[in-house]
Amino acid sequence: MLFVLSEEHKHLGFLSEVDPAVVGESGRIAVEFLKKGSNPKIYEGALNVWSGSVQHGLEGLMYLLTESCKLTISEEDFQDSVLVLGFSEELTELLLQLYLENRKEIRQILSKPAPSLPHYHSLEWRLDVQLSSRPLRHQLKPTVTLKLHLEDGARRSAHVLQTDPATLQHLIDELERALAELKSSHCRRILHNIQ
Amino acid sequence: MELSESVMKGLQTLADPTVFDLKSFTIFTEVAFDSLVSHRGGSVLGHPDLKHIDQTTLKHCHTAATTFILEGVKQNADKSTISSCLEDVKFLNERVDTFYISFQVGQCFVSLIHGPPHITDAEWRLEYCIKNSHVHKVNQPSYLISLNTERAGASSEINFSCTMDQLQDLVGKMKDAAKSLERATQS
């Protein structure tokens with residue numbers, strides 16, 4: 001699957017006018033910007049080229065990388081998509097390498113802003129047994145206290161919950177049923193067919 | 001709500017504008033709630049803005065107010081119950097409102113009395129994510145878990161998502177807890 005570069009993305013044209021070393025450096029900076037956010041000071045110093053076109057060029061490069069990663073396009077499709085910019089073979093090869101090396105990481109970054117619920121991080125548990133209370137002695141009443149750690153982007157939350165042995169067993173049975181469902185033939189067929 | 005005579009008397013004094021003007025009343029209410037909710041709450045006795053009130057009276061009113069608050073929380077009293085009790089001891093409307101606002105905020109310490117929420121059930125949903133607006137070809141299954149909890153008669157839910165590995169981790173840990181429970185109750 002190809003993606004189409006429009007007129008605006010011809011900003012990438014600046015890459016064919018500079019050294020391959022500069023292209024490599026621009027690529028590295030573009031990936032850094034994707035990971036940590038853009039920082040204008042870096043390109044003002046590092047690339048020794050007029051800053052207006054450098055900014056557009058870097059943004060074009062970032063767009064190229066994010067679109068390719070979003071669609072997880074193959075090598076041939078990447079090369080064909082970039083063809084419209086009329087780059088030399090060496091330059092296309094450099095860009096392709098940049099894409100392949102950083103693809104996995106960029107996809108991970110892209111999947112973070114998608115809408116989602118807080119997700120499971122870990123569970124701590126504690127067993128308490130009530131032995132005695134003011135009205136009643138010689139008891140043996142077990143309780144399980146759970147601390148459920150959830151993560152939502154950078155935010156962590158912890159929920160302290162309690163349950164009794166019977167409910168705990170019920171929860172275990174129910175969640176094991178959920179796990180078993182993924183191995184059922186219906187789910188296997190769907191997972192296999194949508195790829 | 002059944003309140004003792006001492007508590008009623010203390011509240012009546014608190015309602016009296018000749019003993020507690022509005023400013024002192026507001027400060028008193030804040031400090032009284034604070035003393036129940038947080039460990040670092042200041043004391044009404046020796047509070048700089050309440051120095052003009054007799055310390056014994058202050059102590060009596062504090063006991064009455066905190067007893068009233070604890071009764072209210074214990075019985076999960078609603079606005080009309082609280083308001084009618086306070087009106088019976090001659091609280092002016094303004095003071096009833098001030099008191100009730102603090103009461104609602106202070107209800108967070110319900111956990112001290114009732115303990116953490118109790119899990120009653122778990123619901124789950126298995127989904128397969130195909131794509132989203134940022135990434136195409138996600139192709140990953142995920143679970144949506146909802147834990148139903150109950151505390152002091154009120155039920156609520158905790159919702160979260162997890163992958164298969166994470167769910168296995170969760171179930172594994174719960175099974176460890178159940179095994180320990182069995183061993184402990186057998187010995």
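The values are calculated or read from the model by the stated rules, or taken from the named source; none is laboratory data. Bear in mind that the values here come from a model prediction, so they are computed numbers and not experimental data. All Cβ positions, glycine included, derive from the backbone under ideal geometry; neighbour counts span all protein chains shown. When the accessible area is computed, the model is the full protein with side chains, heavy atoms only, and any ligands, DNA or RNA have been set aside. Shrake-Rupley method; radii C 1.70, N 1.55, O 1.52, S 1.80 Å.
Looking for something in a helix (DSSP H, G or I) and touching a Lys or Arg at 6+ places or on another chain (Cβ under 7 Å) - is there at least one such residue anywhere in the stretch B:33-51? Before you say what the answer is, go through the steps one by one.
Just the residues of the stretch B:33-51 that are in a helix (DSSP H, G or I), to begin with: B:33-37, B:48-50.
With touching a Lys or Arg at 6+ places or on another chain (Cβ under 7 Å) added as a condition, the list becomes none.
No, every residue in the stretch B:33-51 fails to be in a helix (DSSP H, G or I) and touching a Lys or Arg at 6+ places or on another chain (Cβ under 7 Å).
For A:Glu76, state whether it is more than 23 Å from A:Leu161 (Cα to Cα) and touching a Pro at 6+ places or on another chain (Cβ under 8 Å).
no
In the stretch A:161-195, which residue that is facing chain B (nearest Cβ under 7 Å) and among the hydroxyl-bearing types (Ser, Thr, Tyr) is most open to solvent (accessible area, probe 1.4 Å)? The selected residue is A:Thr167. Considering each residue of the stretch A:128-140 in turn, at least one proves to be within 30 Å of B:Ile145 (Cα to Cα), open to solvent by 30 Å² or more (accessible area, probe 1.4 Å) and within 9 Å of chain B (Cβ to nearest Cβ).
Checking the conditions here, which among B:Thr67, B:Thr63, B:Thr57 is more than 30 Å from A:Leu117 (Cα to Cα), polar (S, T, N, Q) and either over 24 Å from the mean Cα position of the chain (by Cα) or buried (at least 17 other Cβ atoms within 10 Å of the Cβ) (or both)?
Being more than 30 Å from A:Leu117 (Cα to Cα), polar (S, T, N, Q) and either over 24 Å from the mean Cα position of the chain (by Cα) or buried (at least 17 other Cβ atoms within 10 Å of the Cβ) (or both) holds for just one of B:Thr67, B:Thr63, B:Thr57, which is B:Thr57.
How many residues, within the stretch B:1-10, are buried (at least 16 other Cβ atoms within 10 Å of the Cβ) and within 10 Å of B:His60 (Cβ to Cβ)? Write out each step before concluding.
Here is the first cut: in the stretch B:1-10, the residues buried (at least 16 other Cβ atoms within 10 Å of the Cβ) are B:3, B:7, B:10.
After this cut, where a residue has to be within 10 Å of B:His60 (Cβ to Cβ) as well, the list is B:7, B:10.
The number of residues fulfilling the criteria is 2.
Return the only residue of B:Ser146, B:Ser161 being surrounded by fewer than 16 Cβ atoms within 10 Å (Cβ to Cβ) and hydroxyl-bearing (Ser, Thr, Tyr). Write out each step before concluding.
Details: B:Ser161 fails: surrounded by fewer than 16 Cβ atoms within 10 Å (Cβ to Cβ).
Unique residue meeting the criteria: B:Ser146.
Regarding the stretch A:107-121, can at least one residue be identified that is facing chain B (nearest Cβ under 9 Å), of a type in the set (A, V, I, L, M, F, W, C) and in contact with a His (Cβ under 6 Å, 6 or more places away or on another chain)? Checking the stretch A:107-121: at least one residue is facing chain B (nearest Cβ under 9 Å), of a type in the set (A, V, I, L, M, F, W, C) and in contact with a His (Cβ under 6 Å, 6 or more places away or on another chain).
Candidates in the stretch A:79-113 are the residues that are within 20 Å of A:Gln195 (Cα to Cα) and in contact with a Ser or Thr (Cβ under 9 Å, 6 or more places away or on another chain); of these, the one that is least open to solvent (accessible area, probe 1.4 Å) is A:Leu110. Residues in the stretch B:37-48 that are surrounded by fewer than 13 Cβ atoms within 10 Å (Cβ to Cβ) and at pLDDT 65 or above: B:Ser38, B:Gly46, B:Pro48. All conditions but one from (1) free of Cβ contacts under 8 Å to residues at least 40 places away in the same chain; (2) more than 30 Å from A:Thr72 (Cα to Cα) apply to B:Thr163; the one that does not is (2).
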